[in-house]
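Presented below is the structure to which this report refers.
The values are calculated or read from the model by the stated rules, or taken from the named source; none is laboratory data. Just so you know, these numbers come straight off a predicted model, no measurement behind them. Ideal geometry is used to build each Cβ from the backbone, glycine not excepted, and the neighbour counts take in all protein chains shown. Just the protein is used for accessible areas: all its heavy atoms, side chains included, with ligands, DNA and RNA removed. Shrake-Rupley method; radii C 1.70, N 1.55, O 1.52, S 1.80 Å.
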Amino acid sequence: MSYKARRCGVRFEPPAILLLYETSEGKSRQRIMPIRNFSKFSDCSRAAEQLKNNPRHKQYLEGASLKQLERLYKLLKGHLNGESLEASLKNIQREGTIDPEEDLNKLDDKELAKRKSIMDELFEKNRKKKDDPDFEYNVEEDFPQDGVVESCGWDDASEADGF
């Protein structure tokens, strides 16, 4: 029997992940997956992986993304830390976006890897593929020149050398 995940949610008391799914017959069902051994010190990404790979829940969670499950665990962790739902959602949104003014050279390896994965996701989401209906090959654009174009000395040297 195949299942198609529709929605995921989190319940705070007692802690559980809720999954609304559809069966192959077209019936809507709800699955409650209790969360055990999770504290405010737990790793959300590891907990999400364990839940997704759990043999009891694996077939139901095939359609749910690992990132979504991780966000649900972060909401639960924020609740365990005493944060309001709005504050937890704001923190999750801030972690999921990149500040263009942030100096990435000052980050440690783990934080840099997070930022790079966010950039990769954003790139893949915005990328035009050959199969897209609005795909154009070899697009050329002329950008307006607002001011005087400065010339560089190395540009002139390369033309004179014949390169």
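Observations, loosely collected:
- Search result, residues across segment 1-41 that are small (Gly, Ala, Ser), within 21 Å of the chain's Cα centre (by Cα) and modelled with pLDDT of 90 or more: 9
- All of (1) touching a helix residue (DSSP H, G or I) at 6+ places or on another chain (Cβ under 7 Å); (2) not in a helix (DSSP H, G or I) hold for residue 69 with one exception: (2).
- Considering residues of segment 64-106 that are surrounded by 16 or more Cβ atoms within 10 Å (Cβ to Cβ) and of a type in the set (Gly, Ala, Ser) only, the residue nearest to residue 31 (Cα to Cα): 64
- Here is the figure for segment 1-42: residues that are under 19 Å from residue 67 (Cα atoms) and touching an Asp or Glu at 6+ places or on another chain (Cβ under 8 Å) total 3.
Every residue, every condition in (1) touching a Gly at 6+ places or on another chain (Cβ under 6 Å); (2) closer than 23 Å to residue 35 by Cα, yes or no:
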{"residue": "60", "(1), (2)": "no, yes"}
{"residue": "66", "(1), (2)": "no, yes"}
{"residue": "73", "(1), (2)": "no, yes"}
{"residue": "80", "(1), (2)": "no, yes"}
{"residue": "83", "(1), (2)": "no, yes"}
{"residue": "88", "(1), (2)": "yes, yes"}
{"residue": "109", "(1), (2)": "no, no"}
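- Taking every residue in segment 43-55 that is over 9 Å from residue 70 (Cα atoms) and modelled with pLDDT of 90 or more and pairing it with any residue that is open to solvent by 90 Å² or more (accessible area, probe 1.4 Å) and not hydrophobic (A, V, I, L, M, F, W, C), at least 6 positions away or on another chain, the pairs with Cβ-Cβ distances below 9 Å are 52/58; 52/62.
- Condition check for residue 112: open to solvent by 60 Å² or more (accessible area, probe 1.4 Å) and hydrophobic (A, V, I, L, M, F, W, C): no
- Selected residue (only one of 114, 77 is closer than 27 Å to residue 8 by Cβ, assigned to a helix (DSSP H, G or I) and touching a residue at least 24 places away in the same chain (Cβ under 8 Å)): 77
- Test: residue in segment 89-97 that is of a type in the set (Ser, Thr, Tyr), without any contact (Cβ under 8 Å) to a residue 60 or more places away in the chain and assigned to a helix (DSSP H, G or I): no
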